[in-house]
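What follows is calculated from the coordinates using simple rules that are stated; it is not laboratory data. Keep in mind that this is a model prediction, so the values were computed, not measured. Because the Cβ atoms are built from the backbone with ideal geometry, glycine has one as well, and the counts that use them run over all protein chains shown.
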Amino acid sequence: MAKSLGNFITIRDFLAKHKDLDLLKLLFLRSHYRHPVDYTEGKIDEMAKMKERIAIFSREAGKVKGAGRKMRKTKDVKKIKEKFTKAMEDDFNTPEALAAVFELVNLGNIYLLKKNTGPALGVKDTLLTLASILGISPEEPELELEERDGKLIRERNKARREGDFEKADKIRKELLKKGIILEDAQAGTKWRRKL
């Protein structure tokens with residue numbers, strides 16, 4: 001291993017480039033501790049997508065909580081939590097434990113789609129517990145949108161309503177360069193930061 005060969009990176013260098021230490025943690029968790037970890041930027045991009053899946057579910061489930069819904073843990077949630085525990089008890093099998101976390105995220109997304117808010121909140125509560133055991137944070141930090149970017153989003157929405165899709169796409173690409181991802185839905189356009 002040598003830094004000059006590109007197969008070595010310090011944590012300080014990693015944080016300077018990626019800002020989110022959870023991406024490095026996920027890379028290590030995907031391999032059993034007895035096996036070597038192959039670090040590449042492509043794999044870090046994969047970890048960013050994994051973290052994004054967790055953060056998006058967590059954010060969407062958090063919106064449900066604001067509606068004053070009661071949390072309910074289903075049998076499926078309990079089974080997945082048991083899989084997680086069993087994996088961790090099996091010589092710290094973190095790849096299997098992480099698979100259980102993503103099974104939980106998938107289940108939570110199904111509950112959200114079906115508007116089963118109580119079970120979705122049960123999934124989020126369990127997700128927070130399991131993620132904290134692994135040392136990762138499923139929550140996205142609250143970020144403010146700069147006034148200029150908010151104006152661009154409103155301008156893009158107006159262009160879409162008027163059928164000027166070329167202008168709308170141009171604005172979307174401009175925002176994406178700044179790390180702002182737009183998601184169009186029936187309720188309107190939502191934005192989030194790219195991890």
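State the percent of C-alpha pairs, over all pairs in the stretch 7-134, separated by a distance greater than 23 angstrom.
Details: 3054 of 8128 pairs.
Taking all Cα-Cα pairs of the stretch 7-134, the fraction more than 23 Å apart is 38 percent.
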Quiz item: Using the Cα atoms of the stretch 147-193 to build a convex hull, what is its mean projected area in square nanometres?
Solution: 3.0
Quiz prompt | Percent breakdown of C-alpha pair distances by 10 Å bin, ordered from the shortest bin, for the stretch 55-195 | solution = 11, 33, 26, 20, 9, 1
Quiz item: For Phe102, Phe57, what ranking results if the residue with the fewest other Cβ atoms within 10 Å of its Cβ goes first?
Solution: Phe102, Phe57
Practice problem: Would you mind ranking Tyr39, Tyr33, Tyr111 by Cβ crowding within 10 Å, fewest neighbours first? | Solution: Tyr33, Tyr39, Tyr111
Quiz item: Using a cut-off of 14 Å between alpha-carbon atoms, which aspartates and glutamates can reach Lys86, once sequence neighbours fewer than 8 places away in the same chain are excluded?
Solution: Glu96
Quiz item: What lysines could a cross-link reach from Lys81, if we take a straight Cα to Cα line under 24 Å and drop same-chain neighbours fewer than 8 places away?
Solution: Lys25, Lys49, Lys51, Lys63, Lys65, Lys70, Lys73, Lys114, Lys115, Lys124
Quiz item: Which aspartates and glutamates, on any chain, are close to Lys170 with Cα under 17 Å apart, when same-chain ones fewer than 8 places away are left out?
Solution: Asp149, Glu155, Glu162, Glu183, Asp184
